[in-house]
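Take a look at the structure set out below.
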Amino acid sequence: MNNKLQTASPHPTTSDGEAVRHLKEAIASGKHWYIALLEAIGLWQTAEETVDGRRFRYLIDGEAFDWLLLAERLCREVDGLLPEDEKTALLFHGRPPLRLTADEFKELIGSHKYRQYLNYFYGVTAEEVLIQVVEEEVQKERRSLGLGKKHTATDEAYSRIYGASQSELLKRFRREKGYPGGRSTGLTELKEFTYWLFKYRLNHCDKARVASDTKKALRWLSGNTTTSPGTTSQRFTAGQSSCAGKC
């Protein structure tokens with residue numbers, strides 16, 4: 001079975017219809033909806049689509065799989081058939097109704113999508129947490145000195161992690177991607193920017209610092225979120241690439 005997301009075609013494929021049909025039939029036959037959902041994700045192939053005027057981009061930069069966004073999209077197809085509290089916990093808080101091992105999760109969505117999911121986990125989820133944690137460290141330091149101004153704490157956090165301010169990095173990102181400047185950042189672009197920051201850190205920061213910062217984010221995740229695969233920390237692998245230069 002081909003479980004890869006197809007970046008070339010902007011239109012839903014036959015496999016996407018099969019994924020939706022499987023989801024509905026599996027739930028109707030009594031299978032747990034979360035298992036049926038993961039199986040449907042394994043069948044899905046389209047990387048990006050527009051539904052009712054909303055753009056869904058499931059694959060960032062051709063390699064990072066936003067599986068919860070696809071889960072949201074598929075849940076729309078079975079609206080009313082799922083326990084509302086469980087669906088909300090998964091989509092808004094990343095808390096699945098069943099605890100699965102990493103191997104079980106991987107088997108259900110497929111090995112290729114699982115690798116893409118790990119790219120998203122380290123490149124978006126953990127990177128967002130790293131920025132948050134460092135910003136909180138800066139705010140704590142500033143409070144101890146009687147200082148404030150959260151926006152300057154954000155710039156200081158970016159400078160400590162990446163060696164440049166948030167605005168400067170956003171300009172570099174948009175210039176590299178060919179995106180127009182001087183506009184607000186939407187959620188999709190923000191995720192793409194965060195993944196770009198992750199790769200920027202790998203390529204421009206000291207290797208030991210990359211590993212230390214990523215572990216800092218993973219420690220926060222392990223202490224503040226569920227440990228079920230698909231929602232939180234996996235074995236540390238990021239930061240093992242060769243990094244040139246220093247931030």
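The values are calculated or read from the model by the stated rules, or taken from the named source; none is laboratory data. These numbers were taken from a predicted model, which means no experiment stands behind them. Don't worry about glycine lacking a Cβ; one is built from the backbone with ideal geometry, like all the others, and counts go over all protein chains shown.
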**Message:** Return the residues of segment 92-101 that are buried (at least 17 other Cβ atoms within 10 Å of the Cβ) and out of contact with any Phe, Trp or Tyr (no Cβ under 7 Å at 6 or more places or on another chain); say none if nothing qualifies.
**Reply:** Leu100
**Request:** Could you list, in sequence order, all residues of segment 67-91 that are touching a helix residue (DSSP H, G or I) at 6+ places or on another chain (Cβ under 8 Å), part of a loop (DSSP other than H, G, I, E, B) and over 17 Å from Ala19 (Cα atoms)?
**Result:** Pro83
**Request:** Return yes or no: is Tyr58 under 23 Å from Lys177 (Cα atoms), assigned by TED's automatic domain parsing to the domain that holds Phe193, modelled with pLDDT of 95 or more and under 13 Å from the mean Cα position of the chain (by Cα)?
**Result:** no
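Okay, residues lined up against (1) in the same structural domain as Lys216 (by TED's automatic domain parsing); (2) among the polar types (S, T, N, Q); (3) buried (at least 16 other Cβ atoms within 10 Å of the Cβ); (4) under 17 Å from the mean Cα position of the chain (by Cα):
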site: Leu70; (1), (2), (3), (4): no, no, yes, yes
site: Gly80; (1), (2), (3), (4): no, no, no, no
site: Lys87; (1), (2), (3), (4): no, no, yes, no
site: Leu90; (1), (2), (3), (4): no, no, yes, yes
site: Asp103; (1), (2), (3), (4): no, no, no, no
site: Leu108; (1), (2), (3), (4): no, no, yes, no
site: His112; (1), (2), (3), (4): no, no, no, yes
site: Thr125; (1), (2), (3), (4): yes, yes, yes, yes
site: Gln132; (1), (2), (3), (4): yes, yes, no, yes
**Request:** Could you tell me whether segment 39-54 includes any residue that is buried (at least 16 other Cβ atoms within 10 Å of the Cβ), part of a strand (DSSP E or B), of a type outside the set (Val, Ile, Thr) and outside the structural domain of Lys199 (by TED's automatic domain parsing)?
**Result:** yes
**Prompt:** If you check Ala153, Ala164, which single one turns out to be part of a loop (DSSP other than H, G, I, E, B) and under 21 Å from Ser212 (Cα atoms)?
**Reply:** Ala164
**Message:** Looking at the structure I just gave you, is Arg21 more than 17 Å from the chain's Cα centre (by Cα), within 17 Å of Leu90 (Cα to Cα) and part of a helix (DSSP H, G or I)?
**Reply:** no
**Request:** Among the numbered conditions (1) outside any loop (DSSP other than H, G, I, E, B); (2) closer than 22 Å to Arg57 by Cβ, tell me where Glu137 comes up short.
**Result:** (2)
**Item:** Flag if Leu69 is over 22 Å from Thr194 (Cα atoms) and modelled with pLDDT of 95 or more
**Value:** no
**Message:** Going by what's in this entry, would Ala8 be described as modelled with pLDDT under 95, out of contact with any helix residue (DSSP H, G or I) (no Cβ under 9 Å at 6 or more places or on another chain) and not polar (S, T, N, Q)?
**Reply:** yes
**Asked** Which residue pairs have Cβ atoms under 8 Å apart, sit 6 or more places apart or on different chains, and have a first residue in segment 78-90 that is touching a residue at least 12 places away in the same chain (Cβ under 8 Å) and among the acidic types (Asp, Glu) and a second that is surrounded by 14 or more Cβ atoms within 10 Å (Cβ to Cβ) and outside any helix (DSSP H, G or I)?
**Response** Glu86/Pro97
